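Asks: Mind looking over this structure? Questions follow.
Taken together, the values in this text are just the output of simple stated rules run on the coordinates, not laboratory data. It should be emphasised that the depicted structure is a prediction, and the values quoted were computed from it without experimental measurement. Ideal geometry is used to build each Cβ from the backbone, glycine not excepted, and the neighbour counts take in all protein chains shown.
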């Protein structure tokens, strides 16, 4: 509860007051205002309130089909991703697996690569002229496009999200709870059913909702491999950009935004609060991992098959860039890579340059917001906390159409500039930095910072000399995530690119759209290499600063 003494502290510290004001204004302008702009476009017609856009949209059979497709796809991918993610997490946390390093690599690959890489590979492998379907199996009319193709690539892309969440929760379960059941005569299966699984139900529900949200918001995979299977995310783009119907696109965007925000609120404020795992606190000791072959080998083989399947998809990307004509002529050539470095060099430079600018700004901005949320009491704190995480819930296509609508006229005419792309990078990535910063700060005794304040240090001095060094793993984690997310962003920036600034991911989509899969693979390969090199440099720099990979 905010009281007068809290307000007096803020007024006595001008830097703190300016910081709070700046954060509230930037969140309002670059997150709330674009969403209001989308609502305005969808509701206002010739200066007056109108529901025509929604009436036309809701009566449109293509919209109804896209809505149904989106929900079915979300449920299917959510269930499959959660099941596979849980099995991987169990293999990592509970059994003496023979392939843990391989499983960890698989969990990282989708994070450091563009979101449409697996869709591109699946076309090369299983398309009408696919390497497996046509060349090996001799199937003439194979089609990976549509529902089944999207389910495969989205599941392979998003199950690591469930895996990373669930493995953390499984490791928090106190082993003594399960050992007590075993000591009373319960079998491994009975212990799993009656102890482990009930403790994990909120976490499993959380993983399902997160992957559901990712699937619903995904734009690039359905765009690449969807065929006639339209989703709301692709419908927004086709309506606004393809049909030049901004009002119709905005109406679809509002409906998708409502679905996503409702799911986000459900996940954040209900399911997260119901976690039972943390009730036991930190595990009292290390868990004795399961070594029985009848349990270890089936789980290992399942996870290994999934891993090999994912690796096959990723190996095809650099190979696809070397094939002369994918599906027709598999002789090797460097022409596609020459094209990338000759005609596509500007997009390589632009993408890396804009991502490099956004990265440190996002890292510092995220830590400032986390510091304010955890350590300070001020008017508007609830707004800052909710809005800073809201960008995580809003689909990229909604953000893109919002920025296009909001910043296309004075006083903030940013359309076509580098600034609008950088700002979209920052606002899309800052929620992860805020979350990790809040989690780190909650583990640090505030008395350390209070002691510095009592000795006369102002808020800026406390933050830079005390707080930031203590939470540097969370800070650098935000840096790595922001750079990767910015380099591989598609759904928002596809609305914001211009002739002046080109991005690699948009170039890949363009090449896929024209059927130039070799050039698309070359672009994707170069993008993955740049991201990997940048992450390696960051990790090397962090090791010199005393921060290990495990801390990030």
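Asks: Let me have the 222 nm mean residue ellipticity of the chain computed from DSSP H runs of 4+ only, each contributing -39500 (n - 2.57), with the sum over all residues rounded to the nearest 500. Walk me through the numbers before you get to the answer.
Replies: Working: 25 runs with 373 residues, N = 552.
After summing the helix terms and dividing by the residues of the chain, the value is -22000 deg cm²/dmol.
Asks: Among 115-125, 523-533, 364-374, how do they line up by average Cβ neighbours within 10 Å per residue, starting with the highest? List each step's numbers first, then the result.
Replies: Values: 115-125: 25.6, 523-533: 20.4, 364-374: 23.0.
Result, highest mean Cβ count within 10 Å first: 115-125, 364-374, 523-533.
Asks: May I pose another question? Which peptide among 317-328, 73-84, 248-259 comes first, and what is the full order, when sorted by highest mean count of other Cβ atoms within 10 Å? Mind dumping the intermediate values first?
Replies: Details: 317-328: 19.0, 73-84: 21.6, 248-259: 25.0.
Peptide ranking by packing, descending: 248-259, 73-84, 317-328.
Asks: Computed from these coordinates, which is volume of the Cα convex hull per residue in Å³: (i) 176; (ii) 200; (iii) 168?
Replies: Read-out from the structure maps to (i).
Asks: To the nearest Å, what is the center-to-center distance of region 423-479 and region 131-196, using C-alpha atoms only?
Replies: 35 Å
Asks: May I pose another question? Provide the packing ranking of 194-206, 474-486, i.e. peptides ordered by the mean count of other C-beta atoms within 10 Å per residue, highest first. Don't skip to the end; give the middle numbers.
Replies: Values: 194-206: 18.1, 474-486: 23.5.
Sorting 194-206, 474-486 by mean packing, highest first, produces 474-486, 194-206.
Asks: Does region 61-323 classify as rounded, prolate or oblate by the C-alpha gyration tensor (a ≥ b ≥ c root eigenvalues; a/c under 1.5 gives rounded; else a/b over b/c gives prolate, otherwise oblate)?
Replies: Verdict is oblate for region 61-323.
Asks: Given contacts defined as C-alpha pairs under 8 Å and at least six residues apart, what's the relative contact order of the chain, whole-number percent?
Replies: Reported as a whole number, the value is 21 percent.
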